[in-house]
Amino acid sequence: MRLFFIISIALASLLNIWPATKVQAASNVDTQDTAVATNLGLFGGLPLDIAVDPNADGQYVYVTTYTPNGLFSSDDTGVSWTGLSAAVDYGAGKAITIDPATGDVYAAIGDDLLKTTDHGNTWTSLTDHLVGEFPLVGSELAWLDGILVVAVDNGAVQVSADDGVTFTSVTLQAGTRQNVISIAGDNTGQVYAVLIDYNTDTTQVFKSIDHGVTWSVLDVAAGGVAAGSVFYSVAVDPLDADHVILGSYHPDYNSYHSFDGGNSWSALLNGSNRIGGEQTVFDGIGGLYIGIYFTNDASVAAPVWSAINTDTPLSSVRGDIYAVDAVHPTTIYSNTSMGVAKSEDQGATWVDSVDGITAVKTYAITQAENKDNVWLGANGGLAKTANFTAEQPDWEYPILPEANGGSIYAVWVKPGNGEYVVTGSSNFFYYTEDGGTSWTQAEAPDFFGTVEAIVPSAVNNQVLYALYTNTSLTEDAYNGGVMTSADAGKNWEELNFPITLSTGALAVAERNNKDVLYVGIGAGGSETGVYTLREGIWTKLDEDFNGLYVNSIFVHPEDNATLFVSVEADSTVGSLYKSNDRGNSWTLIEAGLEGANHLDAMTTQPGANAPMYLTGQAFGGEGVVYKSTDQGDSWSEYYIGLKQEFFYALLFDGLITGNDRGLFSLQSLGKIKLTNTNLNNHRHRLTITLRDAATLTVLGKRQLTVYRKKSGKAWQAIDTIKTKANGKVHITVRAGSGAKLKIVWKPNKQDRAEYNKTTSRVLTMTQ
């Protein structure tokens with residue numbers, strides 16, 4: 001049972017009293033009953049929305065990210081950010097809107113609607129104020145002249161005229177998988193909305209003239225818009241209520257603007273070229289941002305556009321979203337490949353603004369032998385540190401082997417040289433010999449796909465293997481391949497994996513001083529199962545894992561005959577299989593994994609019979625790290641993450657996890673059972689049992705300290721004891737009535753990588 005609690009809001013009373021429960025600010029340490037998680041300070045993430053409070057001189061800024069609990073606030077103009085507490089559990093962040101009169105902020109996150117009246121220090125849930133049973137909050141909010149409009153599922157919006165106390169539901173167009181994705185309006189009651197039908201990938205534009213109470217379809221085609229055009233955003237000029245922008249980033253369609261409230265439209269062009277973006281944002285002084293372009297005068301039929309500078313000190317501006325500081329209109333915020341950037345000169349120069357945003361999806365972890373050099377594959381590029389063993393590592397992020405690079409899923413560092421790194425992106429391999437200062441594109445056969453894994457040979461430190469997956473929609477099938485390099489990643493060659501199969505996982509084992517490759521078939525393949533490559537021949541194992549596709553393969557480093565394969569289907573069914581004979585026969589592992597799905601990455605502590613770890617999601621959708629102390633035959637929930645959270649990578653140096661919220665160190669907790677038998681003359685016989693809190697395995701031969709506290713005094717250590725092989729120990733102590741006793745286990749050097757300090761409950765003596 002974890003210690004976090006999930007905020008539950010009672011139904012508002014007939015008097016519309018606000019719920020009392022608040023969401024507190026974040027901490028970088030999350031303590032549960034079984035483990036302690038510490039964020040290792042990798043900051044950034046992909047924003048979905050940004051908003052600036054038009055009060056307080058632009059001091060307060062807010063951002064959402066598409067990660068669990070993805071809502072962050074800044075009270076220092078974006079210099080630093082604070083997230084939600086681990087004590088609450090929401091899904092991915094979506095949209096933000098602000099009441100300009102009060103500075104109250106409304107945020108859509110997961111399936112919930114939140115509000116803050118104190119600049120993000122605490123948040124109150126308004127979800128139970130929405131109309132209907134379990135409405136799904138959509139991806140768009142708008143504050144329009146005292147009216148809050150919230151997009152919900154199935155073509156509807158909910159409207160509140162009393163700051164979110166009560167709502168009215170209004171349907172624009174009924175239908176499943178039809179959602180409002182953009183809303184904009186003015187202070188006259190005119191509101192515009194873009195509704196997308198995901199069934200047909202078409203959009204419609206709606207208009208309301210009564211603050212969103214009633215809606216009608218705008219026939220934009222009759223006003224000059226090309227038939228079939230698809231739009232993703234709408235914006236209204238704050239200087240001219242009849243000036244409306246419809247934005248599209250689709251390569252086949254124009255963006256448009258209207259100067260008569262949507263009756264007629266003309267294309268927005270940059271010369272003869274289309275111009276578009278995910279958002280269109282007015283700056284309030286006549287300017288307009290769309291994509292990476294800006295015009296100082298949007299009031300003319302053919303604006304003159306200039307490209308913003310997209311370079312930041314650490315990254316590059318994408319221009320998908322913008323937020324303008326209304327107090328200082330030349331100050332803007334936008335999204336980058338690593339997070340948020342801020343400009344005070346209309347996009348001429350930028351600074352990165354990510355400190356405290358814990359939303360870097362971390363897909364791969366690799367560590368050099370010195371333990372200080374660690375490299376990560378993540379969204380936005382690579383990350384590295386040269387002082388990983390410090391209490392708080394210093395990170396360089398993002399590192400981009402190629403210009404305009406995106407997410408990286410595979411990276412390998414040479415064990416004896418933390419400056420030599422090999423990685424892969426879409427269609428290419430790269431290597432560096434100087435710690436990422438310069439990169440060289442490796443020689444490799446042409447391939448189309450994303451490099452998903454790079455693993456070293458089990459017998460030759462110059463040999464690497466890589467797996468790539470092709471998810472191109474134009475190829476009409478998911479497939480992939482496997483390559484090898486004999487010179488540490490400088491030159492690659494194909495290993496001729498069957499081309500009709502989708503590659504899902506890669507692992508290497510040693511047999512008779514030769515490599516044996518295991519390649520799992522991933523989603524979209526024409527069959528399921530695992531292939532092996534031994535001495536140049538691909539052979540399929542007999543087991544097809546009940547028709548499920550392979551997420552990961554783990555070869556036990558202490559016994560290469562022992563294999564684990566995690567599989568799933570349709571994101572709901574997950575299973576783990578174990579083989580003790582190199583894949584000739586398999587056992588389905590179910591103990592402790594009932595209801596689990598998305599089972600994926602695995603690792604183990606060094607040494608025979610050492611604890612093992614496995615990632616997945618629980619039945620309720622929370623991310624989970626499982627722990628086993630019997631070589632994977634049974635599992636226990638070790639650490640519980642957030643709803644919709646995925647764990648992508650594991651490394652044991654202490655347990656390190658890469659997940660949707662960055663990089664975390666996990667340490668187990670012990671569980672101390674303490675009982676007392678009163679003797680005579682203030683003597684007490686204590687029985688103490690020490691176990692692993694997750695697996696309940698007894699922890700023998702561990703030294704414990706007994707503390708006593710007398711009334712008005714500090715705690716004092718009075719004895720040290722050691723558990724026997726069965727994890728138990730008995731001791732007699734003297735303590736008068738009212739004295740308190742507790743037991744503390746402070747792990748020694750042997751246990752420190754795995755366990756954190758553990759304290760028993762406090763006993764108060766009664767005689």
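The values are calculated or read from the model by the stated rules, or taken from the named source; none is laboratory data. Keep in mind that what you see is a predicted model, and the values were worked out from it rather than measured. Please note: Cβ atoms are built from the backbone with ideal geometry, for glycine as well, and neighbour counts cover all protein chains shown.
See the values below:
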{"item": "Residue that is surrounded by the fewest Cβ atoms within 10 Å (Cβ to Cβ), among those in the range 619-642 that are without any contact (Cβ under 8 Å) to a residue 40 or more places away in the chain and either outside the structural domain of Pro557 (by TED's automatic domain parsing) or farther than 17 Å from Ser566 by Cβ (or both)", "result": "Gly620"}
{"item": "Residue match in the range 450-457 (condition: outside the structural domain of Ala649 (by TED's automatic domain parsing), part of a loop (DSSP other than H, G, I, E, B), surrounded by 15 or more Cβ atoms within 10 Å (Cβ to Cβ) and out of contact with any Cys (no Cβ under 6 Å at 6 or more places or on another chain))", "result": "yes"}
{"item": "Failed condition for Thr720, given (1) β-branched (Val, Ile, Thr); (2) loosely packed, with under 15 Cβ neighbours inside 10 Å; (3) assigned to a loop (DSSP other than H, G, I, E, B)", "result": "(3)"}
{"item": "Qualifying positions in the range 110-131 - under 17 Å from Ser74 (Cβ atoms) and touching a residue at least 24 places away in the same chain (Cβ under 8 Å)", "result": "Leu114, Thr116, His119, Gly120, Asn121, Thr122, Trp123"}
{"item": "Whichever residue in the range 417-434 is at pLDDT 95 or above and part of a loop (DSSP other than H, G, I, E, B) and, among such residues, is surrounded by the fewest Cβ atoms within 10 Å (Cβ to Cβ)", "result": "Asp434"}
{"item": "Matching residues, the range 111-130, being among the aliphatic types (A, V, I, L, M) and either over 29 Å from Ala241 (Cβ atoms) or in a strand (DSSP E or B) (or both)", "result": "Leu113, Leu114"}
{"item": "Entirely in the range 492-562, the strands (runs of 3 or more DSSP E) that have 1 or more residues that are over 30 Å from the mean Cα position of the chain (by Cα)", "result": "503-511, 514-521, 530-534, 537-540"}
{"item": "Verdict on Tyr531 being in contact with a helix residue (DSSP H, G or I) (Cβ under 8 Å, 6 or more places away or on another chain) and aromatic (Phe, Trp, Tyr)", "result": "no"}
{"item": "Residue list for the range 312-329, restricted to those being among the hydrophobic types (A, V, I, L, M, F, W, C), in a loop (DSSP other than H, G, I, E, B) and out of contact with any Gly (no Cβ under 7 Å at 6 or more places or on another chain)", "result": "Leu314"}
{"item": "Boolean, Gly146 is under 23 Å from Tyr60 (Cβ atoms) and in contact with an Asp or Glu (Cβ under 6 Å, 6 or more places away or on another chain)", "result": "no"}
{"item": "Residue check for Tyr465: among the hydroxyl-bearing types (Ser, Thr, Tyr), within 27 Å of Ile553 (Cβ to Cβ) and buried (at least 17 other Cβ atoms within 10 Å of the Cβ)", "result": "yes"}
{"item": "Exclusive hit being out of contact with any Phe, Trp or Tyr (no Cβ under 6 Å at 6 or more places or on another chain), of a type in the set (Gly, Ala, Ser), at pLDDT 95 or above and over 24 Å from Lys490 (Cα atoms), set Ser343, Ser353, Ser337", "result": "Ser353"}
{"item": "Residue selected from the range 692-707 under the condition surrounded by fewer than 20 Cβ atoms within 10 Å (Cβ to Cβ) and in contact with a Gly (Cβ under 7 Å, 6 or more places away or on another chain), by the criterion farthest from Lys722 (Cα to Cα)", "result": "Val698"}
{"item": "Tally of residues being of a type in the set (Ser, Thr, Tyr) and in contact (Cβ under 8 Å) with a residue 40 or more places away in the chain across the range 225-283", "result": "6"}
{"item": "Members of the range 260-305 found to be aromatic (Phe, Trp, Tyr) and assigned to a loop (DSSP other than H, G, I, E, B), listed by number", "result": "Trp265, Trp305"}
{"item": "Condition broken by Gln204, with the remaining ones in (1) touching a Leu at 6+ places or on another chain (Cβ under 9 Å); (2) modelled with pLDDT under 95; (3) not hydrophobic (A, V, I, L, M, F, W, C) satisfied", "result": "(2)"}
{"item": "Extreme residue, farthest from Lys115 (Cα to Cα), among residues of the range 157-175 that are in contact (Cβ under 8 Å) with a residue 24 or more places away in the chain and assigned to a strand (DSSP E or B)", "result": "Val170"}
